[in-house]
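S.K.: Below you will find the structure I want to go over with you.
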Amino acid sequence: MVDVGVTSGDKVLLVWAQPSAPDALRQYVGELGAATGAGGKVLLENIDRLLLSCHSASTFDCVLSCLLADSSSVHSSDTLEELARVLKPGGKLVLDEAVTDALGQSVRTAEKLVSTVKLSGFTSVTELNRAEMSPEALSALRTATGSQGKILTRVRLTASKPNYEVGSSSQIKLSFGKKTPKPAEKPVLDPNTVKMWSLSANDIDDDDVDLVDTDALLDEEDLKKPDPLSLKAPICGEGAAKKKKACKNCTCGFAEELEEESSGKKQQTNMPKSSCGSCYLGDAFRCASCPYTGMPAFKPGEKIVLANMKLTDA
């Protein structure tokens, strides 16, 4: 048996394809059992029944597929993915498959086979050797695949499963990540200062501690409300004999009074208000209680001075 990297204590899965001779298959299993020793184990599985098997994930240290010289088969993508599933992380795969140099056939080229194995999750895919196919294996392959093209050689590949499980995660430490700032060191306090500002329950009974009543700090003068006139600045409005002028930073309200006088916002309570808005049109449009009754029409906004008698009647 050609050395395929099986060591003592390994758990090996041997995948075979039709039509393998029973004697050749039994002899190959015996050679593998001798290589694995008493601590190892060799299991047989037909390639057509592999997807229906119930092997647990990450079970085998090594998988050997279609290595018997009298048979050959095409490894589909589903078959290769199943082989990767049952292998342990870092496990080894060795397979034989027929290749051709013509494109567009059911039998793949060597480059296409290597690409398919890589896409199935394997790494370190390496071609070990090539050999001529036996007539029995060539006939069985053409019967299974229906290919009538020229099949040149039989290639043996070895590959490895990555040293991690599918779906596993790992934390990546980035050098440019945010660094947590160190907490600032607290300043060291003078013990005498700490003692001065601390007051415990035992200190209250001490005769050296004088407690002051806060109500005793205010006298009768402090409790009196100030006169509003006394709050007005004594010099506010002075300094200009002809024109009243507030201080630059007036806070007594004199500046607001001057602003109201200049803008005309001071309300005149003795001026009548129109309720209909048609007083300026004349008596034909005025209300019965209009204070402008009997007066001629005027322009809107024109100032009208009413006699005291008119205001009293209204």
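Only the coordinates and a few stated rules stand behind these numbers; no lab work does. Please read these numbers as outputs of a predicted model, since none were measured by experiment. Quick reminder, even Gly has a Cβ in these numbers, built from the backbone with ideal geometry, and neighbours come from all protein chains shown.
S.K.: Say the cut-off is 32 Å between C-alpha atoms; which of Lys92/Lys112; Lys88/Lys182; Lys88/Lys173; Lys248/Lys299; Lys11/Lys118 go over it?
M.R.: Values: Lys92/Lys112 20 Å; Lys88/Lys182 44 Å; Lys88/Lys173 27 Å; Lys248/Lys299 42 Å; Lys11/Lys118 23 Å.
Long pairs (Cα-Cα over 32 Å): Lys88/Lys182; Lys248/Lys299.
S.K.: Quick one: length gained pulling Lys225 to Asp48 fully straight, 0.36 nm per residue minus the C-alpha distance?
M.R.: Extra length available between Lys225 and Asp48 comes to 53.2 nm.
S.K.: Pop a pseudo-label 7 angstrom from the Cα along the beta-carbon direction at both Asp215 and Thr59 and give the gap in nm to one decimal.
M.R.: Here the modelled spin labels are 9.1 nm apart.
S.K.: If each Cα of the stretch 11-160 is one equal point scatterer, what is log10 of I(q)/I(0) from the Debye formula at q = 0.08, 0.11, 0.19 Å⁻¹?
M.R.: Once normalised to I(0) and log-transformed, intensities are -0.21, -0.40, -1.23.
S.K.: Here's a follow-up. Rounded to whole Hz and in sequence order, give me ³J(HN,Hα) for the stretch 92-101 from the Karplus expression 6.51 cos²θ - 1.76 cosθ + 1.60, θ = phi - 60°, writing x for Gly and Pro.
M.R.: So the J values, rounded to whole Hz, are 10, 10, 10, 9, 10, 7, 7, 10, 9, 9.
S.K.: Using θ = phi - 60° and the Karplus relation 6.51 cos²θ - 1.76 cosθ + 1.60, list the HN-Hα couplings for the stretch 75-84 in order, rounded to whole Hz, with x at every Gly or Pro.
M.R.: Per-residue couplings from phi come out as 7, 6, 5, 5, 5, 5, 5, 5, 5, 5 Hz.
S.K.: Next question. What's the local net charge at Val12, with K and R +1, D and E -1, over the other residues with C-beta under 13 Å away? Intermediate results must be reported in sequence, preceding the final value.
M.R.: Working: positive: Lys11, Lys41, Lys88, Lys92; negative: Asp10, Glu31, Glu45, Asp61.
In short, 0.
S.K.: Would you mind getting the Kirkwood hydrodynamic radius of the stretch 2-49 from its Cα pairs, rounded to one decimal in Å? Provide the component values of the computation, followed by the final result.
M.R.: Details: mean 1/r = 0.0893 Å⁻¹.
For the stretch 2-49, inverting the mean 1/r across all distinct Cα pairs yields 11.2 Å.
S.K.: Counting other Cβ atoms within 10 Å of each Cβ, which chymotrypsin sites (Phe, Trp or Tyr not before Pro) in the stretch 121-191 have at most 10 and sit in a DSSP loop?
M.R.: Phe176
S.K.: Taking H placed 1.01 Å from N in the peptide plane, check which residues at least 5 places from Lys11 or on another chain put their amide H under 5 Å from its amide H.
M.R.: It is Lys41, Asp61, Cys62, by chain and number.
S.K.: How far apart, in nanometres, would the label points at Ala38 and Cys276 be if each is projected 7 angstrom from Cα along the Cα-to-Cβ direction?
M.R.: Distance between label points: 12.7 nm.
S.K.: Any idea how far apart Thr123 and Asn163 come out in nm if each label point goes 7 Å out from Cα toward Cβ?
M.R.: So the label points at Thr123 and Asn163 sit 0.8 nm apart.
S.K.: At a 10 Å Cβ-Cβ cut-off, how would you order Met133, Met295, fewest neighbours first? Present the calculation step by step, with values, prior to reporting the outcome.
M.R.: On the way: Met133 20, Met295 16.
Going from sparsest to densest Cβ surroundings: Met295, Met133.
S.K.: How about the stretch 65-146: which GluC sites (Glu not before Pro) there lie in a loop by DSSP and see at most 16 other Cβ atoms within 10 Å? Walk me through the intermediate numbers first.
M.R.: Details: sites: Glu81, Glu82, Glu97, Glu111, Glu127, Glu132, Glu136; in loops: Glu132.
Passing both the DSSP loop test and the Cβ count: Glu132.
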